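Colleague: Provided herewith is a single structure, encoded as structure tokens, for subsequent inquiry.
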Amino acid sequence: MRLPRTHSMTHRKDFLRVRTTGQAKAGRFVVLSTLADPALEHLMVAFITTRKTGKAHDRNLLRRRFRAILQRHGERLADGQRFLVTIARPGAAKADFAELESDWLRQARRLGLIPRTTPE
């Protein structure tokens with residue numbers, strides 16, 4: 001799944017809607033929040049990495065890794081008409097890609113975004 005720029009969340013009101021009315025699950029390295037919206041044409045994503053997660057190069061690395069995870073597993077999402085916010089937790093910068101990926105997938109399954117049994 002490609003992630004063109006048009007799939008990025010940019011409006012503060014969208015972040016507030018996801019935070020107040022959406023669902024969220026917290027893992028060891030990520031917090032995944034989502035909100036279904038039938039008015040959307042496609043998936044809208046955001047990656048939040050605060051200064052608490054590390055220095056600038058660590059935050060950039062985390063965003064690149066989250067983007068790669070979503071590109072790798074985005075086709076498996078049950079519904080594409082939703083907002084999806086990935087928030088890095090402190091300590092995520094020390095995790096390797098496999099740990100971040102497994103934590104992200106675990107939270108996506110808990111939210112019902114990815115079916116538990118997927119044919120490979």
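The values are calculated or read from the model by the stated rules, or taken from the named source; none is laboratory data. These numbers were taken from a predicted model, which means no experiment stands behind them. Cβ: placed from backbone, ideal geometry, glycine included. Neighbour counts: every protein chain shown.
Colleague: Quick one: in region 48-61, of everything that is of a type in the set (S, T, N, Q) and surrounded by 12 or more Cβ atoms within 10 Å (Cβ to Cβ), which residue is nearest to Pro90 (Cα to Cα)?
Modeller: Filtering first and then ranking leaves Thr53.
Table: residues versus (1) more than 21 Å from Leu16 (Cα to Cα); (2) free of Cβ contacts under 8 Å to residues at least 12 places away in the same chain.
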position	(1), (2)
Val45	no, no
Ala68	yes, no
Gln71	yes, no
Arg76	yes, no
Gly80	no, no
Arg89	no, no
Ala98	yes, yes
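Colleague: While we're here: Which residues, counting only those in region 6-47, are buried (at least 18 other Cβ atoms within 10 Å of the Cβ) and either of a type in the set (Val, Ile, Thr) or at positive phi (or both)?
Modeller: Selection gives Val18, Val30, Thr34, Val45.
Colleague: Which condition from (1) more than 21 Å from Arg51 (Cα to Cα); (2) surrounded by 15 or more Cβ atoms within 10 Å (Cβ to Cβ) is the one that Ala92 breaks?
Modeller: If we test Ala92 against (1) more than 21 Å from Arg51 (Cα to Cα); (2) surrounded by 15 or more Cβ atoms within 10 Å (Cβ to Cβ), just (1) comes out false.
One line per residue, one yes/no per condition, for (1) under 11 Å from the mean Cα position of the chain (by Cα); (2) among the β-branched types (Val, Ile, Thr); (3) modelled with pLDDT of 90 or more:
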residue: Ala68; (1), (2), (3): yes, no, yes
residue: Leu77; (1), (2), (3): no, no, no
residue: Gly80; (1), (2), (3): no, no, no
residue: Leu84; (1), (2), (3): yes, no, yes
residue: Ala95; (1), (2), (3): no, no, yes
residue: Trp104; (1), (2), (3): yes, no, yes
residue: Arg109; (1), (2), (3): no, no, yes
residue: Ile114; (1), (2), (3): no, yes, no
residue: Thr117; (1), (2), (3): no, yes, no
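Colleague: Do we find that Ala108 is within 21 Å of Val18 (Cβ to Cβ) and touching a residue at least 40 places away in the same chain (Cβ under 8 Å) in this structure? Break it down into steps so the answer makes sense when it comes.
Modeller: Working: within 21 Å of Val18 (Cβ to Cβ): yes; touching a residue at least 40 places away in the same chain (Cβ under 8 Å): yes.
Yes; evaluated as a whole, the condition is true for this residue.
Colleague: Let me ask you something else. Count, please, the residues in region 33-53 that happen to be over 15 Å from the mean Cα position of the chain (by Cα) and of a type outside the set (Gly, Ala, Ser).
Modeller: 7
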